[in-house]
């Protein structure tokens, strides 16, 4: 019984500490996505690719580790009157902070998930599913105030080669 009560107190303490962590919301834009760079849909050359808009929520789960879901939207069309493609990407992301001072934080970001692509053609519409990822070994975050920061990342994936945006702590 004593072990059970100690275990219960430990679990309760850990859950209280985890719930005390405030989440952060992020919004960003990334240029040249995985979908356009790798010609995932085999439709020929890409006529226009404007990048991806991403929104996510991150939770601090360890002193240097943030984890959370994100949603990205992008679209493109192919040369020679190909289909219009609308990408909906849902990923689970992890961010590891490897260097920090009072203003700047350097980090690496990895995300994995699914790309649900809506393909619109003259014949009809259909949806396709693909594996999506984001690997950004170099990311920098600059604090503008206590709760607001700007970030930029270099990497490759569904969120773009170069991603920039804002994070707001709640």
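Table for the structure above
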read-out: Positions within segment 147-170 being closer than 19 Å to residue 133 by Cα and outside any strand (DSSP E or B), in sequence order; value: 158, 159, 160, 161
read-out: Matching residues in segment 34-64 - criterion: being crowded, with 16+ Cβ neighbours inside 10 Å, modelled with pLDDT under 85 and not in a helix (DSSP H, G or I); value: 40, 41, 43, 46, 49
read-out: Subset tally (residues that are surrounded by 14 or more Cβ atoms within 10 Å (Cβ to Cβ) and under 24 Å from residue 37 (Cα atoms)) for segment 136-152; value: 5
read-out: Residue in segment 96-103 that is over 16 Å from the mean Cα position of the chain (by Cα), crowded, with 19+ Cβ neighbours inside 10 Å and over 18 Å from residue 29 (Cα atoms) present; value: no
read-out: Test: residue 134 is touching a helix residue (DSSP H, G or I) at 6+ places or on another chain (Cβ under 9 Å), on the phi < 0 side of the Ramachandran plot and in a strand (DSSP E or B); value: yes
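The values are calculated or read from the model by the stated rules, or taken from the named source; none is laboratory data. Remember, predicted model here, so these are calculated numbers, not experimental data. Virtual Cβ from ideal backbone geometry, glycine too; neighbours counted across all protein chains shown.
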